[in-house]
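Notes for the one structure printed next.
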Amino acid sequence: MAQPPRHPENRRPLTLRDVSEACGVSEMTVSRVLRNREDVSPATREKVLAAARALGYVPNKIAGGLASQQVNLVAVIVPSLSNMVFPEVLSGISAALEDTGLQPVFGVTNYSPDKEENVLYEMLSWRPSGVIVAGLEHTESARAMLENAGIPIVEIMDSDGSPIDSVVGISHRAAGRQMAEAIVAAGYRKIGFLGTKMADDHRARKRLEGLTEGLAEHGIALADTELYSGGSALKKGRELTEAILSRNPDLDFLYYSNDMIGAGGLLYCLEKGLDVPGKLGLAGFNGVDFLDGLPMRLATIDACRREIGEAAANIIAGKGFDDGVIGGHRIELSPRLEPGETIRRR
């Protein structure tokens, strides 16, 4: 659901003068520090760098006559390219930018806030025309850089929070609650959750919170959890499923934080001859295409990945908005439950 744009304040990129005034040294000294010149004392260097970090200042790497201009690049920053989720987002971004003269450039953070900060710093130094970044949670320095970039910023994939500028995504808490309702309606009562450790995967955490809240409204507590770190894979799904069912064989439903480990869990259950979905229901999250090739269609929630990419790129390019304002838009899409064949039909 698209909401009217918040007309953003007119922002300008930060300059050397801003850093100079913040730390009390000359613009020339600031320039020397940021160009890694050695003719500056360690104390002064640290003072300048601390001020730059606090302000969110990023040096401009474009030389000569282009120094005050933006280039026709759109910085796109995502956590991973090793699973099947983000390539579809990137495909939507690329398709929407195809006829705009803008080119996406991609950076990967591996779900590390510090890596995101470093990638963002490097990309902003080339003065892109806009930034598309996954998630709403950032380090203080990264947030300062985004707030002071002076270009359209679109945070994607998640609408549970306050964006810096524009946001396009789904409510992951709502997705978790939607799954809880489907589980309870099908008659399952002993539910286990299998997924990533929650320190940096904020969207998985919000889905778990929504699931827990939704179950609680029916007087049901989550019976068990099995968490892991590292990348998602079919093998990981098998291992997690074996571990949780060995520990708690009375579980009658397993909710996985993504389709990849959910598919591994389904294959494990079928190999062991478990009655799916009669005695044991299963569901994942994302709605990735490879589910079509499984022996049974895994229940999941479509996270609207391509639509999110297209809408974010359209905001950066100023396409489809009658008021001519670029930025300040909030577009919340609705996650779609796909029951497949692994939830009992009532």
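Set the Förster radius R0 to 25 Å, insert the Cβ-Cβ distance between Arg189 and Ser334 as r into 1/(1 + (r/R0)^6), and round the FRET efficiency to 0.05.
E between Arg189 and Ser334, to the nearest 0.05, is 0.40.
Peptides 166-177, 128-139, 266-277: what's the order by average Cβ count within 10 Å, highest mean first? Write out the running numbers ahead of the final one.
Values: 166-177: 24.2, 128-139: 22.4, 266-277: 16.9.
Highest to lowest by the protection proxy: 166-177, 128-139, 266-277.
Work through the residues other than Leu81 whose Cβ is under 14 Å from its Cβ and net out their charges, Lys, Arg +1 and Asp, Glu -1. Please list the in-between numbers first.
Working: positive: Lys115, Arg305; negative: Glu88.
Every neighbour counted, the sum reads +1.
Using only alpha-carbon positions, what ratio does the radius of gyration of the range 212-346 give when scaled by 2.2 N^0.38 Å?
Output field value: 1.29.
Looking at the chain, send over the antiparallel percent of its DSSP beta bridges, to the nearest 5. Before the final figure, lay out each step's value.
Numbers: 5 of 41 bridges.
Roughly 10 percent of the DSSP beta bridges within the chain come out antiparallel.
Would you mind putting 15-21, 76-82 in packing order, based on average other-beta-carbon counts within 10 Å, highest first? Let's see the in-between values first.
Details: 15-21: 16.6, 76-82: 20.1.
For the peptides 15-21, 76-82, the packing ranking is 76-82, 15-21.
With a Förster radius of 41 Å, plug the Cβ-Cβ distance of Glu209 and Thr100 into 1/(1 + (r/R0)^6) and report the FRET value to the nearest 0.05.
0.65
So for the range 134-216, considering every pair of alpha-carbon atoms, how many percent are separated by more than 23 Å?
33 percent
When only alpha-carbon atoms are used, what values of Rg and Dmax, in angstrom, describe the range 121-272?
18.5, 57
Describe numerically, in nm with one decimal, the distance between label points set 7 Å from Cα along Cα→Cβ at Lys319 and at Lys197.
Each label point lies 7 Å from its Cα, and together they span 4.1 nm.
Provide the convex hull volume over Cα atoms per residue for the chain, in Å³. Please list the in-between numbers first.
Details: hull volume 53.2 nm³, N = 346.
In the chain, the Cα convex hull volume per residue is 154 Å³.
Once you have the Cα-Cα distance between Arg17 and Asn118, take 0.36 nm times their residue separation minus that, and quote the gain in nm to one decimal.
34.1 nm
Where the accessible area of the chain is counted over protein heavy atoms with a 1.4 Å probe, how much of it, in %, is carbon and sulfur?
Of the solvent-accessible surface of the chain, carbon and sulfur hold 50 percent.
Need one number: nm distance between label points at Arg53 and Leu73, each 7 Å from Cα along Cα→Cβ, rounded to one decimal.
2.4 nm
With the convex hull built on the Cα atoms of the range 69-128, state its orientation-averaged projected area in nm².
4.1 nm²
Would you mind checking the range 191-232 for residues with the amide N under 18 Å from a putative spin-label position 7 Å along Cα→C-beta of Lys279?
Of the residues in the range 191-232, 191-192 have backbone N under 18 Å from the label point off Lys279.
Could you tell me the extents of the range 186-240's C-alpha atoms along the three principal axes, largest first, rounded to whole Å?
Projected onto the principal axes, the Cα atoms of the range 186-240 cover 33, 23, 16 Å.
Extension gain Glu217-Arg346, at 0.36 nm per residue separation less the Cα-Cα distance, in nm? Mind dumping the intermediate values first?
Numbers: separation 129, 0.36 × 129 = 46.44 nm, distance 2.01 nm.
Taking Glu217 through Arg346 to full extension adds about 44.4 nm, to one decimal.
At a Cα cut-off below 27 Å, give the lysines reachable from Lys279, other chains included and same-chain residues fewer than 8 away excluded.
Lys190, Lys235, Lys236
Within 10 Å, count the other beta carbons around each residue, average over each peptide in 43-53, 293-303, and list them highest first.
The densest-packed peptide leads the list: 293-303, 43-53.
Mind pulling the per residue volume of the convex hull built on the Cα atoms of the range 152-200? Å³ is fine.
Looking at the range 152-200, the number lands at 92 Å³ per residue.
So the label point goes 7 Å from the Cα of Glu181 along Cα→C-beta, right? Which residues of the range 208-249 then have their backbone N under 16 Å from it?
Once the point is set 7 Å along Cα→Cβ of Glu181, 210-219 turn out to lie under 16 Å by backbone N, inside the range 208-249.
Computed over the Cα atoms, what is the radius of gyration of the range 236-275 divided by 2.2 N^0.38 Å, N being its residue count?
Against the compact-globule rule of thumb, the ratio is 1.03.
What's the extension gain from Thr44 to Arg247 if we count 0.36 nm per residue and subtract their Cα-Cα distance?
Length difference between fully extended and current span is 67.3 nm.
The values are calculated or read from the model by the stated rules, or taken from the named source; none is laboratory data. These numbers come from a predicted model, not from an experiment. Backbone-built Cβ (ideal geometry, glycine too); neighbour counts: all protein chains shown. Accessible surface is based on the protein model in full, side chains and every heavy atom, while ligands, DNA and RNA are left aside. Shrake-Rupley method; radii C 1.70, N 1.55, O 1.52, S 1.80 Å.
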